[in-house]
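For reference, the structure is listed below as structure tokens.
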Amino acid sequence: MSSDNSIHVERLSKCFQIYEQPRDRLKQFIYPRLRKLVGVEEKKFYREFWALRDINFSIEKGETVGIIGRNGSGKSTLLQIICGTLSATTGEVSKKGRVAALLELGSGFNPEFTGRENVYMNASVLGLNRREIEERFDDIIGFADIGQFIDQPVKTYSSGMVVRLAFAVQSQIEPDILIVDEALSVGDARFQAKCFDRLKKLKDSGTSILLVTHSSEQIVTHCNRALLINDGILIETGEPRRIVNRYLDLLFGREQKLPHQAGGVVAHVNGLTDLDKYPVSSTDDLFSTRPNFNVGEFRWGDGSGRILDFFLSADEELYPSSVMTGQKLILAVSLEFLAHMVRPILGFTVKTKEGVTVYGTNSEMLNVEGFEFIGQKGSTAVAEIKFRCDLAPGDYFVSLGLASREGADVVPHDRRYDSIHLHISHETSFHGLVNLQAKISLS
């Protein structure tokens, strides 16, 4: 383990024994011993479930790492092993310093005790003596902000009050390692903002933070790095936005490669636009040859439809290198259908360079006329997206997606995440992300 690492996980695996019936557990306890005595081959009365397989990673001091994955992928099991509340089947976990963890709502709290009593008990378990607890007590109850309920039994608390108090205790002890598993999703927006401000201060002071959440924006906003776990396997580790894109496609997509070339027949559809109106290809994938294309795009889909090309203008300027706040943009996109689709869906999203979604919509949400008539195998169409660019100065990325529905499921055919780069030039009349065009006057 490197001296700079707070956590080092090496070849970690966890296997659970699953018994179909309670009596099988008793059989497993007795029969293998008897069979061994008489020299008969052992028989298992359980099936093995590997929650984790061969996990390897390290976390440096002061680093915030997000762990993301579908439900049942093994995230909570991994955290429990790191915390020491669960033992690994194989592999090793090395840690440096005091560990504080928020694994389950109210974990470590006695529901019959008051909030005050639980603060003392929980902080003692984390290694603080009574004097240290008393020195921090006012900060803890001030952060939790549950008022007179601090002297009421925890069993009378709402779920939000429980997580407020639990997080207040864990964060105020200034641990070397802080592990948070989905607990912050219970709190309201104001409390979440306060929690993330506290996490930033802990990180700046050298605390290593492991954050498990299903919120992709929390991952890209607050983490230096992210880990993607699926079916107990560490799929990928790296830059948060790239890992979040991969996670979304595991969640909604199908891991199939897109075809390289395909022809098409032009389809002119009411409610969309003629191919002749914009200089976009109806046969070849020229998307990556256009100005404003982001070479770091993340492309995914099952390949039964493709986003071939795009046209971009800001007022009269084609493929602008920079856009002024307030300009009117036109984005035209050519679509190709390699298989029959019933009512295709075109999605459009604008994100900051950090991956925070500013705006997103799709043809289904907007009830766009004409989309119910396209999607014939071998046809193409062009969709026109118009919007006023009221964004703050900075760099933004446009994502596009072609999908369709199969019952309640949305099937992605071609998703081009962060595929078009927009640079918004300097603006001094406001700050933030979006210009709401507020007016100030004296009455």
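The values are calculated or read from the model by the stated rules, or taken from the named source; none is laboratory data. In this text the structure is predicted, and so the values were computed from the model without any measurement. Here the Cβ is made from the backbone with ideal geometry for all residues, glycine too, and neighbour counts use every protein chain on show. These accessible areas exclude ligands, DNA and RNA; they are computed on the full protein's heavy atoms, side chains included. Shrake-Rupley method; radii C 1.70, N 1.55, O 1.52, S 1.80 Å.
Brief remarks follow.
- Cleavage-rule hits, trypsin sites (Lys or Arg not before Pro), the stretch 337-378, DSSP coil, Cβ neighbours within 10 Å at most 14: LYS353, LYS377
- Whole-number accessible area per residue in Å² for the chain, which is evaluated in the context of all protein chains at 1.4 Å: 50 Å²
- Relative contact order %, the chain, counting alpha carbon pairs below 8 Å whose residues are six or more apart: 14 percent
- Residues LEU37 and PHE430, FRET efficiency given R0 of 56 Å [Cβ-Cβ distance, rounded to 0.05]: 0.10
- Surface calculation, 1.4 Å probe, protein heavy atoms: CYS223 sits at approximately 10 Å² accessible.
- Greater than 32 Å apart at Cα, pairs in LYS75/LYS203; LYS201/LYS439; LYS203/LYS439: LYS201/LYS439; LYS203/LYS439
- For ASP145, the accessible surface of its heavy atoms amounts to roughly 80 Å² (probe 1.4 Å, protein chains only, rounded to the nearest 10).
- The order of THR89, THR77 by accessible area, most exposed first and with a 1.4 Å probe, is THR89, THR77.
- Our analysis of the chain gives Rg over Rh at 1.06, with the two radii drawn from alpha carbon positions and Rh computed by the Kirkwood formula.
- Rounded to 10°, Cα long-axis angle of helix 22-37 versus longest principal axis of the chain: 70 degrees
- Relative contact order of the stretch 111-212, pairs being alpha-carbon contacts under 8 Å that are 6 or more residues apart, as %: 28 percent
- Label-point gap, in nm, between ARG190 and TYR46 - each point 7 angstrom along Cα→Cβ: 4.8 nm
- Virtual spin-label span in nm between LYS200 and MET324, 7 Å along Cα→Cβ: 3.3 nm
- Once all protein chains are placed together, ARG53 keeps about 120 Å² accessible to a 1.4 angstrom probe.
- FRET efficiency estimate (nearest 0.05) - Cβ-Cβ, LEU366 to CYS15, R0 60 angstrom: 0.80
- Distance from the C-alpha centroid of the stretch 38-59 to that of the stretch 382-443: 48 Å, rounded to the whole angstrom.
- Surface composition of the stretch 313-440: carbon and sulfur make up 55 percent of the accessible area, probe 1.4 Å.
- For the chain, adding -39500 (n - 2.57) for each run of n ≥ 4 DSSP H residues and dividing by the number of residues yields -7000 deg cm²/dmol at 222 nm.
- A straight Cα-to-Cα reach below 17 Å connects LYS44 with the lysines LYS27, LYS36, residues fewer than 8 places away in its own chain not being considered.
- Across the alpha-carbon atoms of the stretch 106-227, the computed radius of gyration and Dmax are 14.2, 40 angstrom.
- Heavy-atom accessible surface of the stretch 87-222: percent carbon and sulfur, 1.4 Å: 47 percent
- A simple charge model with +1 on the Cβ of Lys and Arg, -1 on the Cβ of Asp and Glu and nothing else charged puts the dipole of the chain at about 1480 debye relative to its Cα centre.
- Using all pairs of distinct alpha-carbon atoms, the Kirkwood hydrodynamic radius of the stretch 390-443 works out to 14.4 angstrom.
- Column: log10 I(q)/I(0), Debye, Cα scatterers of the stretch 1-133, q = 0.16, 0.18, 0.19 Å⁻¹: -0.99, -1.09, -1.13
- A DSSP coil position with no more than 13 other Cβ atoms inside 10 Å describes the following trypsin sites (Lys or Arg not before Pro) in the stretch 381-443: LYS439.
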